[in-house]
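Structure record follows, encoded as structure tokens.
The values are calculated or read from the model by the stated rules, or taken from the named source; none is laboratory data. If you're wondering where the values come from, they're calculated on a predicted model, not measured in any experiment. In this analysis, Cβ positions are derived from the backbone assuming ideal geometry, glycine residues included, and neighbour counts consider all displayed protein chains. Quick note on the areas: whole protein, heavy atoms, side chains included, nothing else; ligands and nucleic acids left out. Shrake-Rupley method; radii C 1.70, N 1.55, O 1.52, S 1.80 Å.
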Amino acid sequence: MAAQTKSQTIKVLVVMGTRPEVIKLAPVIEALQNGKKAGASGTGKSCKVRFKTIICLTGQHREMVEPFLKIFGIKPDYDLRVMQPDQHLGELTGRVLAGMKKVLEVEKPDWLLVQGDTTSALAAALAAFYHRIKIGHVEAGLRTDDKYNPFPEEINRRLISHLADLHFAPTGLARKNLLREGISPERIFVTGNTVVDALKMILKKTGRVGGVQVAVPGEVLRIQEARKESPTGAVSTAKLSFAEIKKIKKLILVTAHRRESFGPGMENICRAILRVVESEKSAEVIFPVHLNPAVRRAVFQHLLGRPRIHLVEPLDYVTFIHLMRRASLILTDSGGIQEEAPSLGVPAVVMRETTERPEAIQAGVAWLAGTDPDTITRLALRLLKKVESGEFRRGLRRRNPFGDGRAGQRIALLLKRGGSGRPRR
Ligand code: UD1
Ligand code: UDP
């Protein structure tokens, strides 16, 4: 008698709102969409488990998300279009919560997947909880144990941990943090961070891992310099070509956008950048300026038109990865870039008071500077010297603390098993 085949479909609703969520959920979406493996039921009948993946954009980010959807080939089924200029956190939370209610009522998924610690992730998880829908949390367990650093992300992720049913922790340390908060060990899985998968996906498309080439041969990368009007009324329409970037002797790549740094912190970061280029004449800064108006006001006021400082619009992932690999040094307050630095072997000065990614510091690739201009300047100049002498490269460790690039597959497999089994790492 022919074996009977039962088929089971698991409906997964993946919710994303911002640039890093698209990057870090792209490998999970790919694994879910490719995951059609048959599994034995142990009764002589086989059970085919497949996923139906629904993608919902909250629209927390707009221009900053579109190129990322394109490069990863993600086609959203829903777009809640919540973004407003200079948006208030409470109002943003309310708009996502209201929008998610309608999507959940129509789709009734088995699982809702969120990533990280944004307002979109928290509000979507809360909406799913109200509908008694199971929640999977990608990049669970990151902590600084400081309520206002980063703000509001530290509280967002703690709340998500207490709403979630499955916790996909990127590292062993993240797992320990969850255990410390009373999360049941059977619900936590160490998968690695999906950012490593995303980096590999892009490098596979555009260049060799460990090589130098990222752009397609012959392609000229053109970066639009930041266009918004400066406070003095000047408008920059200049373009920075790939050829010009190639001539830069010491490239320093900068990003900054954290809410807790608005005000004196952001001004100090700008002061430090000015001091570094003043002291190191062969250094040039490329700073893709985040679209948050609060960031742009401060950065334009202090840095627009300064020699050897290029303020450019936010960059697509391929161009940004190219610049990270080309850079002698990164100055950043970004979470994702702290994880990418060890993957690419570039030193990063973290311009924040705390970090939830101490693994990058332990790996000898990142240094926590706070926002004090003296500390940032001192560390930056010291690291530029270490890079020039080769000392930095000689000290690099081989093993990437953030994973092996297979986190997305592990997450899909765990969802398929309904959260049983433990991937070894
Ligand atoms: C958000 C996340 C932060 C994450 C960051 C990634 C929260 C509370 N914060 O911060 O954790 O590190 O994204 O970049 O979830 N804007 C645009 N176009 C865009 C994106 C933003 O114009 O494509 C402007 C809008 O005026 C918007 C403002 O930036 O109101 C702030 O955006 P928001 O998502 O609230 O905060 P981020 O600082 O981007
Ligand atoms: N990034 C990018 N272009 C840019 C700046 C950043 O592609 O102009 C990428 C970066 O490589 C990282 C992610 O965006 O993967 C980080 O986003 P962001 O710093 O906005 O958010 P965070 O990680 O701090 O939440």
Rounded, prolate or oblate (a/c below 1.5 giving rounded, otherwise prolate when a/b exceeds b/c) for segment 331-372 by Cα gyration tensor: prolate
Cα pair distances of segment 269-425 binned at 5 Å [whole percent]: 2, 8, 16, 19, 20, 14, 8, 6, 4, 3, 1, 0
Per-residue HN-Hα couplings for segment 123-128 [Karplus 6.51, -1.76, 1.60; θ = phi - 60°; Hz; x = Gly/Pro]: 5, 5, 5, 5, 4, 5
Magnitude of the charge dipole, the chain, Cβ model with Lys/Arg +1 and Asp/Glu -1, debye to 20: 1660
Within segment 132-148: backbone nitrogen closer than 16 Å to the residue 181 label point (7 Å, Cα to C-beta): 135-148
Restraint check, 6/52; 75/246; 204/386, Cα-Cα greater than 26 Å: 75/246; 204/386
Cβ-based charge dipole, segment 261-355, positive-most Cα from 335, 262, 299: 299
Solvent-accessible area per residue, Å², over the chain with all protein chains present [probe radius 1.4 Å]: 45
For residue 312, distant residues with modelled amide H under 5 Å away: 226, 287, 289
DSSP-assigned coil residues among trypsin sites (Lys or Arg not before Pro) in segment 70-146, each with at most 16 further Cβ atoms within 10 Å: 81, 132
Paramagnetic reach from residue 87 in segment 271-304 [backbone N under 16 Å; point 7 Å along Cα→Cβ]: 291-295
Karplus (6.51, -1.76, 1.60) ³J(HN,Hα), θ = phi - 60°, over segment 48-53, in Hz, Gly and Pro reported as x: 8, 9, 10, 9, 10, 9
Fully extended contour minus Cα-Cα distance, from residue 259 to residue 98, at 0.36 nm per residue: 55.5 nm
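Are there any chymotrypsin sites (Phe, Trp or Tyr not before Pro) in segment 297-333 that are in a DSSP loop and have at most 15 other Cβ atoms within 10 Å? List them by number.
Working: sites: 300, 317, 320; in loops: none.
Those that pass, being in a loop and sparsely packed, number zero.
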Highest-MSF residue in the chain out of 343, 279, 328 [GNM, Cα springs under 10 Å]: 279
Per-selection metrics, the chain (Cα): Rg and Dmax in Å: 21.9, 82
Relative contact order computed over the chain (Cα-Cα under 8 Å; 6+ residues apart), in percent: 15
Cα gyration tensor, segment 76-204 - rounded (a/c under 1.5), prolate or oblate: rounded
Carbon and sulfur %, accessible surface of the chain computed with the full protein complex present, 1.4 Å: 51
Approximate spin-label separation residue 389-residue 281, in nm, with each point projected 7 Å along Cα-to-Cβ: 2.2
Range in the chain, longest, excluding exposed GluC sites (Glu not before Pro) [loop by DSSP; at most 13 other beta-carbon atoms within 10 Å]: 230-425
Karplus (6.51, -1.76, 1.60) ³J(HN,Hα), θ = phi - 60°, over segment 14-27, in Hz, Gly and Pro reported as x: 9, 10, 8, x, 10, 3, x, 5, 5, 4, 7, 8, 4, x
For the chain, built as a Gaussian network whose Cα springs stay under 10 Å, the top-fluctuating residue of 342, 307, 288: 307
Cross-link reach list, aspartates and glutamates versus residue 102, counting only Cα pairs under 12 Å and skipping chain neighbours closer than eight places: 79
C-alpha long axis of helix 335-344 to longest principal axis of the chain, angle in °: 80
Residues with amide H under 5 Å from that of residue 134, placed H, sequence gap 5 or more: 112
Within a Gaussian network of the chain (alpha carbon springs, distance under 10 Å), most fluctuating of 137, 257, 167: 257
Cβ-placed point charges (K, R +1; D, E -1), dipole of segment 133-182 about Cα centre in debye, nearest 20: 140
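Can you figure out the FRET efficiency of residue 399 with residue 297, using R₀ = 45 Å and their beta-carbon distance, to the nearest 0.05? Intermediate values should be presented prior to the final figure.
Numbers: r = 41 Å, r/R0 = 0.92.
So the FRET efficiency works out to roughly 0.60.
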290, 131, 88, ranked by accessible area, largest first (probe 1.4 Å): 88, 131, 290
Sequence-distant residues sharing a close amide H with residue 49 (under 5 Å, placed H): 8, 39
Point-charge dipole on Cβ atoms (K/R +1, D/E -1) for segment 241-362, about Cα centre, debye to 20: 480
Exposure ranking of 205, 250 by accessible area [1.4 Å probe, largest first]: 205, 250
